[in-house]
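**Q** Provided herewith is a single structure, encoded as structure tokens, for subsequent inquiry.
The values are calculated or read from the model by the stated rules, or taken from the named source; none is laboratory data. None of the values given here were measured: they were computed from a predicted structure. Neighbour counts are summed over all protein chains in view; Cβ atoms, including those assigned to glycine, are modelled from backbone coordinates with ideal geometry.
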Amino acid sequence: MDIDSPDGLKRPIQIKFRVSEAERDMIYEKMRQYQTNNLAAYLRKIAIDGYVIHTDFSDLKAVCAEMQKIGVNINQIAKRVNGTSRIYEQDIDEMQRGIDEIWRLLRLSLSKQA
């Protein structure tokens, strides 16, 4: 069954989906902001002309993983320093390498954004 719309188009295909009460309320609130009472027209407009933003967090996850490793290393170094009252050059070098790796990952991530 074809349905004639106010814009003169025939729309024979119906698409249905379910929402929660909260989602329905959000849709109606956005419709109000858009100043329309026509749910079908609003949903069609959003589905066709709207867009989805995809954010890639893989670089940020790598930085977080590196920071976690540094935190573990610092805790191990702190235990050793508390037990021996000494800090070793190797410990400082290890922390510096971790910090250098974080900066490398951040620069890489920022260069991808440009």
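**Q** Given Q76, Q113, Q33, which one is under 29 Å from the mean Cα position of the chain (by Cα) and farther than 30 Å from R11 by Cα?
**A** Details: Q76 fails: under 29 Å from the mean Cα position of the chain (by Cα); Q33 fails: farther than 30 Å from R11 by Cα.
Going through Q76, Q113, Q33 in turn, the sole match is Q113.
**Q** Cβ-Cβ below 8 Å, separation at least six or inter-chain, first residue in segment 1-21 and in a loop (DSSP other than H, G, I, E, B), second modelled with pLDDT of 90 or more and of a type in the set (V, I, T): which pairs?
**A** Sorted first by the residue in segment 1-21, then by its partner, the pairs are V19/I27.
**Q** So for segment 29-42 (the condition being in the same structural domain as W103 (by TED's automatic domain parsing) and assigned to a loop (DSSP other than H, G, I, E, B)), does at least one residue qualify? Outline the logic, then answer.
**A** As a first pass, look at segment 29-42 and keep what is in the same structural domain as W103 (by TED's automatic domain parsing): none.
The answer is no, given that none of the residues of segment 29-42 is in the same structural domain as W103 (by TED's automatic domain parsing) and assigned to a loop (DSSP other than H, G, I, E, B).
**Q** What are the pairs with Cβ atoms under 7 angstrom where one residue, in segment 49-70, is in contact (Cβ under 8 Å) with a residue 24 or more places away in the chain and the other, located anywhere, is among the acidic types (D, E) and surrounded by 13 or more Cβ atoms within 10 Å (Cβ to Cβ)? Sequence gap at least six, or different chains.
**A** Between residues of segment 49-70 that are in contact (Cβ under 8 Å) with a residue 24 or more places away in the chain and residues that are among the acidic types (D, E) and surrounded by 13 or more Cβ atoms within 10 Å (Cβ to Cβ), the close pairs are E66/E101.
**Q** Provide a single number: the residues in segment 96-114 that are touching a residue at least 24 places away in the same chain (Cβ under 8 Å) and surrounded by fewer than 11 Cβ atoms within 10 Å (Cβ to Cβ). First the steps, then the outcome.
**A** So in segment 96-114, the residues touching a residue at least 24 places away in the same chain (Cβ under 8 Å) come out as 98-99, 101-102, 105-106, 108-109, 112.
Cutting the leftovers down to surrounded by fewer than 11 Cβ atoms within 10 Å (Cβ to Cβ) gives us 112.
Residues in segment 96-114 being touching a residue at least 24 places away in the same chain (Cβ under 8 Å) and surrounded by fewer than 11 Cβ atoms within 10 Å (Cβ to Cβ): 1 in total.
**Q** In segment 42-73, what residues are surrounded by 14 or more Cβ atoms within 10 Å (Cβ to Cβ) and either more than 29 Å from the chain's Cα centre (by Cα) or under 25 Å from Q113 (Cα atoms) (or both)?
**A** D59, A62, V63, E66, M67
**Q** Looking at this structure, is D93 more than 30 Å from L9 (Cβ to Cβ), loosely packed, with under 11 Cβ neighbours inside 10 Å and acidic (D, E)? Step through it out loud before you land on a result.
**A** Working: more than 30 Å from L9 (Cβ to Cβ): yes; loosely packed, with under 11 Cβ neighbours inside 10 Å: yes; acidic (D, E): yes.
It is true that D93 is more than 30 Å from L9 (Cβ to Cβ), loosely packed, with under 11 Cβ neighbours inside 10 Å and acidic (D, E).
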